[in-house]
Every structure is written in C-alpha cells, then in structure tokens.
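*Asks:* Provided herewith is a single structure, encoded as structure tokens, for subsequent inquiry.
The values are calculated or read from the model by the stated rules, or taken from the named source; none is laboratory data. Since the model is a prediction, treat every value here as computed from it, not as a measurement. A quick note on method: Cβ atoms are made from the backbone with ideal geometry, for glycine too, and the neighbour counts reach across all protein chains shown.
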Amino acid sequence: MELGRKVGHFFCLLKRKYVWLFFLAPAVAVLISIVVFPLAFSLILSFYDWNIIRAGGWSWAGINNYRTILFQDPYFRSSFKVTLFYLAGTVSVQFGLGLVVALILDQITRKIIGFLRTVLVLPITMTPVVVGIIWRLMYNPDLGMLNYFLSWLGFSPVNWTGMPGTALPSVMMADIWEWTPFVALILLAGLQSLPREPYEAALVDGASSWQTFCYITFPLLSPAMLVVLLIRVMDSFKTFDLIFVLTQGGPGMSTEILNYYTYRYGFKFFHLGYASALSWVLLVVVTIICMILIRMLQSRGIYAKRT
Amino acid sequence: MMNEVVWVKVKKTILVAMAVVVFVVILFPPMVLFLTSIKTELDALSFPPKWIFQPTLENYEHIFQFSPFMKYLLNSLIVASLNTGAVLILGSLAAYSLARFRFRGADNIAFWILSVRMMPPVAAIIPIYIIMRNLHLLDTPWSLVIIYLTFNLPFAVWLMRSFFREIPREIEESALVDGCSDFSAFRKIALPLAAPGLAATGILTFIFSWNEFLFALILTGSKAVTLPVGITGYMKETGINWGYMTAGGVLALIPVIIFTILVQKHLVKGLTMGAVK
C-alpha cells in the first residue's frame with residue numbers, strides 16, 4: 001500500500017518533469033528516422049562502390065570516392081565553379097534589386113499595399129516547375145517573347161538556353177525573376193517595422209537622404225537582410241526544378257550545379273556510392289556556409305536562444 | 001518653395017513609374033503562360049506572337065480526356081492534404097513543447113530542427129530511394145507523404161513556435177492551477193488561440209507539398225505521379241506540346257494562387273519561419 005503510493009508519486013513527479021518530452025518526442029522521432037538515419041546510411045554507402053544496375057553488391061572503396069571527387073574529377077570541379085557562380089550571381093542580384101524595390105515600395109505603397117503585395121507574392125509561391133515552363137516559353141528561340149522583343153530592337157534571335165555562353169545566365173535570370181520578389185517582400189516588411197524616432201532626429205539634424213540610408217536604415221535593417229541572405233543561400237543550393245525544366249544541366253555541363261550533378265550520378269548513371277560521397281561533400285559545403293550566416297544572425301538575437 | 005513642391009511631385013511620379021515597371025515585369029511572364037494555354041496549336045506556334053485570337057479551351061479538354069491529368073491532380077491533392085495533416089499534428093505538439101516548457105537542451109533541439117530545413121534534398125535522396133524500395137513504398141503516395149515531412153515539419157515547428165509564443169502564458173497557467181492537465185491546456189486553450197497562425201502554417205505546408213518536384217520525380221513512376229512531375233511529362237524528346245504544358249501549368253497554379261491570397265497576412269512571417277514579422 002505504502003509502496004504503491006510511493007510509486008504513484010514517483011510517476012507523478014516524472015510526468016511533471018518530462019511532460020515536454022511527450023509533446024516533442026513524436027516530431028523528433030520522425031525527423032531522426034527520415035533524416036538522420038538516411039544520412040548515416042549514405043555516409044556509410046559513400047565509402048563503397050555500388051552500381052545498382054550492375055550485378056554484384058557493395059564493394060569497399062575506402063576514401064577513394066572522396067579522393068576522386070576532390071582531386072581527380074574534372075566534372076566535379078566545373079560543377080563546383082558553376083555552383084559558386086550561380087550562387088554569387090543570383091543571390092547578389094536578387095539582394096540588390098530586392099532592396100531597391102523594397103525602398104521604392106516603402107515610399108509609395110501605403111494606400112494600395114494590398115494589391116501590390118499580392119502581385120509581389122505570386123512568383124514566390126508559384127510551383128517552381130511552372131516557373132520553369134514559363135521561362136522556357138519566354139526563351140524559346142522560335143516563338144519566345146524575348147526574341148520577339150529583340151526583333152523589335154533590331155537584334156537577331158538568340159538561342160537562349162541552347163548555347164553554353166547564354167544558358168547559365170538564362171537560368172539565373174529566371175531564378176532572379178522568381179526570388180527577387182521574396183527579398184523585396186521581406187525587406188519591405190522590415191522597413192515598415194522600423195522605428196520613426198531616428199528618422200525624425202536625422203531630419204532635425206539635417207542629414208541627407210543618402211546619410212539617412214547609410215547610418216539609420218541600413219544598420220536597422222541588417223537583421224532582416226541577414227535572414228533573407230541565409231534563406232536565399234540555402235535555397236539556392238537546392239535549385240533543381242528550374243534547371244531540370246530549362247536545360248537539364250546542358251548544353252554540355254554549363255548549367256550543372258552540384259545538386260544536379262549529384263542527382264545525375266545517382267539516378268542517371270546509378271553510381272550510388274559515388275553519388276553518396278558527392279552528396280556528403282555538398283552537405284558539408286552548405287553546412288559551413290549556413291553556419292557562418294547563422295552565427296552572424298544569432299549574435300543579433302535572431303533564430304537564437306529564448307530571451 | 002514652388003520648386004520644392006514640383007520636385008516632390010516629380011519624385012513621386014518617378015517612383016510610381018518604377019513600381020509600375022516592376023509589376024509589369026512580374027506579371028508579364030505568367031500572362032504569356034495563360035494566353036498560350038487558351039490558344040489553338042496554330043496560334044500558339046505563330047511568330048510574331050498573336051495578341052488577338054479566338055480563345056479556346058481545347059488544350060484543357062485534351063489533357064483531361066487524353067492524358068492522366070485527373071490522376072496527377074488527385075495524387076497531388078492526396079499527398080499534400082495527408083502531409084499537411086501530419087505536419088499540423090506533429091508540428092503543433094513539438095512547437096508547443098519548445099515554446100512553453102523549460103528544459104535543458106530546448107534551444108539545441110530547436111536549432112537542430114532548423115538545421116534539418118537547410119539540408120539540400122539531394123543529400124538524402126539516395127538512401128531514401130533505397131529505403132522506400134525495400135519497404136515497397138516506391139510509386140505510392142505514402143512515400144511522398146512521409147518524405148515531405150523532412151522539409152515541412154522543421155518549417156512548421158519554427159513557425160508555430162513563434163505563434164505560440166505570442167499567446168500570453170498567464171491564461172494557460174491559470175487553467176493549470178484550476179486542475180487542467182498539460183494536454184488539455186494545450187488542446188483547449190493554446191490551440192484555439194493560435195488557430196489563425198496554425199491555419200496559415202497549414203496552408204503554406206500544403207503549398208510546399210503541392211509544389212515539390214525532386215522527391216516526386218524520383219520516388220514515383222506511374223501510379224503516384226504528382227502534378228509537377230506529370231506536367232514535365234508533356235516535354236518529349238520529339239518536342240514540347242506547348243498547349244498541354246501551359247494548360248497543365250495554369251491548372252497547377254490556381255490552388256496555389258488562391259491559397260497565397262488567403263495566407264498573405266502571415267506570408268512574411270511564414271517565409272522567414274518567424275524571424276521577420
């Protein structure tokens with residue numbers, strides 16, 4: 001009897017102390033089984049040779065896959081360069097254009113903000129495959145709108161996605177169209193939540209609008225800017241749909257970013273061991289870059305510990 | 001004085017003109033998609049493009065009658081709805097735990113969940129393909145319902161956590177004092193109060209599932225093909241049928257556009273997972 005009550009009391013305490021666990025455990029268990037477990041599996045697989053369509057199972061390869069990727073595979077190197085170029089090009093242009101658009105809209109939108117926002121939001125939530133289709137239609141050398149406009153201006157038609165020189169910038173332009181509104185939307189929200197007092201003080205002190213931007217807007221907006229950068233950088237590495245629809249990585253390998261290269265190794269050549277090693281290299285690169293950005297954010301109190 | 005007034009007016013006009021340019025650039029490409037979808041094949045292929053033509057719905061009729069478009073649509077609906085349901089249940093519980101209870105490691109767990117959202121899907125797709133093959137789940141909606149949790153669940157946990165944090169803690173505390181259990185405090189008080197935020201989370205989750213392409217491309221083959229994969233099927237080696245492809249694209253966009261307008265108020269918060277309001 002006495003013992004029973006003690007056990008009951010013990011469980012009651014246990015329940016009070018660990019009740020958070022009952023709420024949290026299902027989600028964490030799901031994520032472990034569909035993310036951590038597969039990643040561990042692919043880490044193991046990356047030390048093996050395994051071609052799924054050839055006879056024979058796994059054969060131990062040690063660090064050969066990684067050595068080949070880092071020191072011998074010329075395609076990896078070209079794909080790495082394409083990735084960096086793509087990332088730097090799209091994110092910087094999106095950021096610059098998005099900031100300009102946000103600053104413009106912040107000046108004029110107050111009355112018609114609902115309509116303008118809706119338009120701005122469209123490309124962001126549109127199905128990316130459909131964005132790819134739209135731009136494939138625009139770029140079409142025979143009937144596309146872009147060549148039609150060029151012909152107005154007296155230029156000869158361009159085979160946008162069909163030539164190594166223009167294919168990558170074409171894909172990047174579609175990406176910029178798709179994601180500049182995202183940057184603009186977030187920065188516009190950031191601008192509209194800024195306090196008014198510093199601006200009034202600057203006005204009293206006779207600051208020029210450029211000075212106001214540099215010394216007030218820019219520092220106050222920097223948390224929102226970093227959030228935008230983080231999200232764009234990590235999503236940029238994932239670009240797949242646009243490339244699949246527009247160029248399939250070609251012509252040659254001119255638009256093949258690491259993401260696409262890994263996909264092709266795994267699901268076109270079926271070298272699953274090598275593709276796993278590639279995916280781990282990609283994962284490490286993404287993690288390092290994102291960690292740097294997140295540390296910068298956390299030092300400003302965003303995505304950080306509870307206060 | 002006069003000059004200043006004129007200058008302000010000129011500045012305003014320039015700003016409005018620039019904004020108009022931005023919106024034309026955004027709206028023009030989707031408009032071309034829509035116009036192409038209601039052209040006959042002959043009109044669609046004419047160059048220079050025809051601006052005045054007899055609109056037709058034959059492309060839409062054709063994809064429903066002669067291609068499994070209805071099946072793609074149903075598959076997308078099933079996958080996106082079931083995934084959203086699972087995300088809302090698992091996500092709201094976890095988000096509530098991270099927002100309300102104090103325990104060691106809470107911040108590390110939240111951060112780990114965020115880092116899952118950063119993972120490029122390609123990094124996990126090979127083992128996931130092998131696992132799904134061994135479980136005989138390839139080419140079923142279930143594989144996608146499960147796998148879409150990898151990106152939607154972390155997103156939802158972070159977003160809902162920020163919504164739960166906005167509810168004053170005192171209401172639940174007084175309920176707990178009155179003898180309410182933790183779970184009923186969650187279900188009867190926190191959940192209804194956070195309902196608008198949770199609805200927004202659900203709608204965004206639905207959109208992300210609806211739009212997903214890479215996993216659907218690899219994990220489905222014929223029976224469970226979703227819309228984005230189905231539409232790219234109109235790109236053949238022999239050429240693209242622009243009428244079918246654009247009609248499919250327009251139909252895929254309709255629910256997305258409706259949902260986006262519904263969720264607009266929460267979109268900035270949603271897209272940044274609660275970091276920017």
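*Asks:* From A:143, A:137, which residue is surrounded by 16 or more Cβ atoms within 10 Å (Cβ to Cβ), over 22 Å from the mean Cα position of the chain (by Cα), free of Cβ contacts under 8 Å to residues at least 24 places away in the same chain and outside any helix (DSSP H, G or I)?
*Replies:* Every option except A:143 fails the conditions.
*Asks:* Okay, next question. Quick check: is even one residue across segment A:298-306 among the aliphatic types (A, V, I, L, M) and more than 10 Å from chain B (Cβ to nearest Cβ)?
*Replies:* No, there is no match, as no residue in segment A:298-306 is among the aliphatic types (A, V, I, L, M) and more than 10 Å from chain B (Cβ to nearest Cβ).
*Asks:* Considering only residues that are closer than 20 Å to residue B:267 by Cβ, at the interface with another protein chain (Cβ under 8 Å from one of its Cβ atoms) and part of a helix (DSSP H, G or I), which ones fall in segment A:115-130?
*Replies:* Hits for segment A:115-130 are A:116, A:117, A:118, A:119, A:120, A:121, A:122, A:123, A:124, A:125, A:128, A:130.
*Asks:* Does segment A:155-173 contain any residue that is under 18 Å from residue B:253 (Cβ atoms) and either more than 10 Å from chain B (Cβ to nearest Cβ) or of a type outside the set (Val, Ile, Thr) (or both)?
*Replies:* No, that holds for no residue.
*Asks:* How many residues are more than 10 Å from every other protein chain (Cβ to nearest Cβ) and β-branched (Val, Ile, Thr) when one looks only at segment B:241-260?
*Replies:* 2
*Asks:* Residue pairs, Cβ under 7 Å, 6 or more apart or interchain, first in segment A:58-81 and under 12 Å from residue A:47 (Cα atoms), second in a helix (DSSP H, G or I). List them.
*Replies:* Short answer, once both residue conditions are applied: A:61/A:273; A:65/A:273; A:65/A:274; A:65/A:277; A:66/A:277.
*Asks:* In this structure, is residue A:194 part of a loop (DSSP other than H, G, I, E, B) and within 29 Å of the chain's Cα centre (by Cα)?
*Replies:* It is true that residue A:194 is part of a loop (DSSP other than H, G, I, E, B) and within 29 Å of the chain's Cα centre (by Cα).
*Asks:* Related question: If the requirement is being surrounded by 11 or more Cβ atoms within 10 Å (Cβ to Cβ), free of Cβ contacts under 8 Å to residues at least 12 places away in the same chain and on the phi < 0 side of the Ramachandran plot, which of these qualifies: B:25, B:20, B:6?
*Replies:* B:25
*Asks:* Determine, yes or no, whether residue A:102 is within 18 Å of the chain's Cα centre (by Cα), aliphatic (A, V, I, L, M) and more than 7 Å from chain B (Cβ to nearest Cβ).
*Replies:* The answer is no for residue A:102.
*Asks:* Which one is farthest from residue B:68 (Cα to Cα), of the residues in segment B:209-232 that are polar (S, T, N, Q) and within 16 Å of the chain's Cα centre (by Cα)?
*Replies:* Step by step, filter segment B:209-232, then rank; the result is B:209.
*Asks:* Test each condition in (1) crowded, with 24+ Cβ neighbours inside 10 Å; (2) under 17 Å from the mean Cα position of the chain (by Cα); (3) assigned to a helix (DSSP H, G or I) for residue A:274 and report the one that comes out false.
*Replies:* Failing condition for residue A:274: (2).
*Asks:* Go through segment B:24-116 and tell me which helices (runs of 4 or more DSSP H), entirely inside it, have 3 or more residues that are within 10 Å of another protein chain (Cβ to nearest Cβ).
*Replies:* Answer list for segment B:24-116: B:69-100.
*Asks:* For segment A:250-268, does any single residue satisfy the condition of being in the same structural domain as residue A:132 (by TED's automatic domain parsing), surrounded by 23 or more Cβ atoms within 10 Å (Cβ to Cβ) and hydrophobic (A, V, I, L, M, F, W, C)?
*Replies:* There is at least one residue in segment A:250-268 that is in the same structural domain as residue A:132 (by TED's automatic domain parsing), surrounded by 23 or more Cβ atoms within 10 Å (Cβ to Cβ) and hydrophobic (A, V, I, L, M, F, W, C).
*Asks:* Restricting attention to segment B:206-240, and to residues there that are among the polar types (S, T, N, Q) and more than 12 Å from chain A (Cβ to nearest Cβ), which single residue is surrounded by the fewest Cβ atoms within 10 Å (Cβ to Cβ)?
*Replies:* Ranking the qualifying residues of segment B:206-240, first place goes to B:238.
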